[in-house]
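Down below is the structure, laid out as structure tokens.
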Amino acid sequence: MLSLRMSVVCVLSLVMVLCSVPALAQISFLDFTQLQLNGSATPSKNGNGQKVLRLTPDDSNNQAGSAWWMTQQSVANGFTTVFQFQITHNPENGPGPADGFAFVVQNAHNYDGGSLSALGGTSGDIGYGSTPNDEGVTPIDNSIAIEFDTFQDSWDPNGNHVAVQSCGTEIGRASCR
């Protein structure tokens, strides 16, 4: 059993930790009205009737979707994020699922509509990147992406991996690969 002194120290430590996290950093999306949705991203419901953000439809090929929080956040002092995701596929829609999704932190300068309109290529570009042969596709510059890749393209190690990719600050035909 903890002594009274140890209990007080634990409670004070917990209070200090909770109070040291800025209120703006505590973001929770119970709906998606605070997000700018681009491409094929749309609010939906999963098989259990829960509200979800669907980045791409299951019954279409070559789709990309992005969702950006409309309030810029500083990452200068680091940050922690926790999120849940669900990848689903109806076998009646053909082979799949492909190609995955990415958690992206960006401050893009290469989008006419601004960073809230940022959306990279489809398929293996996973909505943030651009491979060298993608004509007219602009990768999201000034970004870092943690990709959850579910399909093996020729440059991938396998069809089930997590990777960290950076498009850097180059504007124009930068490649995330």
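The values are calculated or read from the model by the stated rules, or taken from the named source; none is laboratory data. The model shown is predicted, which means the values in this text are computed figures rather than measured ones. In this analysis, Cβ positions are derived from the backbone assuming ideal geometry, glycine residues included, and neighbour counts consider all displayed protein chains. All accessible areas refer to the heavy atoms of the entire protein, side chains included, with ligands and DNA or RNA removed. Shrake-Rupley method; radii C 1.70, N 1.55, O 1.52, S 1.80 Å.
Sub-6 Å Cβ pairs linking a first residue in region 109-134 that is at positive phi to a second residue that is open to solvent by 10 Å² or more (accessible area, probe 1.4 Å) and of a type in the set (A, V, I, L, M), at least 6 apart or interchain, are I126/A102; G127/A64, ordered by first then second residue.
Quick grid of which residues meet (1) buried (at least 18 other Cβ atoms within 10 Å of the Cβ); (2) more than 25 Å from M70 (Cβ to Cβ); (3) among the aromatic types (F, W, Y):
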{"position": "N93", "(1), (2), (3)": "no, yes, no"}
{"position": "F101", "(1), (2), (3)": "yes, no, yes"}
{"position": "N107", "(1), (2), (3)": "no, no, no"}
{"position": "G120", "(1), (2), (3)": "yes, no, no"}
{"position": "G124", "(1), (2), (3)": "yes, yes, no"}
{"position": "G127", "(1), (2), (3)": "yes, no, no"}
{"position": "V137", "(1), (2), (3)": "no, no, no"}
{"position": "F148", "(1), (2), (3)": "no, no, yes"}
{"position": "H161", "(1), (2), (3)": "no, yes, no"}
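Kindly provide the set of residues from region 26-55 that are of a type in the set (V, I, T) and in contact (Cβ under 8 Å) with a residue 40 or more places away in the chain, ordered by number. Once the filter is applied, which keeps residues that are of a type in the set (V, I, T) and in contact (Cβ under 8 Å) with a residue 40 or more places away in the chain, region 26-55 yields only I27. Please verify whether region 68-85 includes one or more residues that are open to solvent by less than 40 Å² (accessible area, probe 1.4 Å) and either in contact (Cβ under 8 Å) with a residue 60 or more places away in the chain or within 25 Å of T138 (Cβ to Cβ) (or both). Yes: one or more hits.
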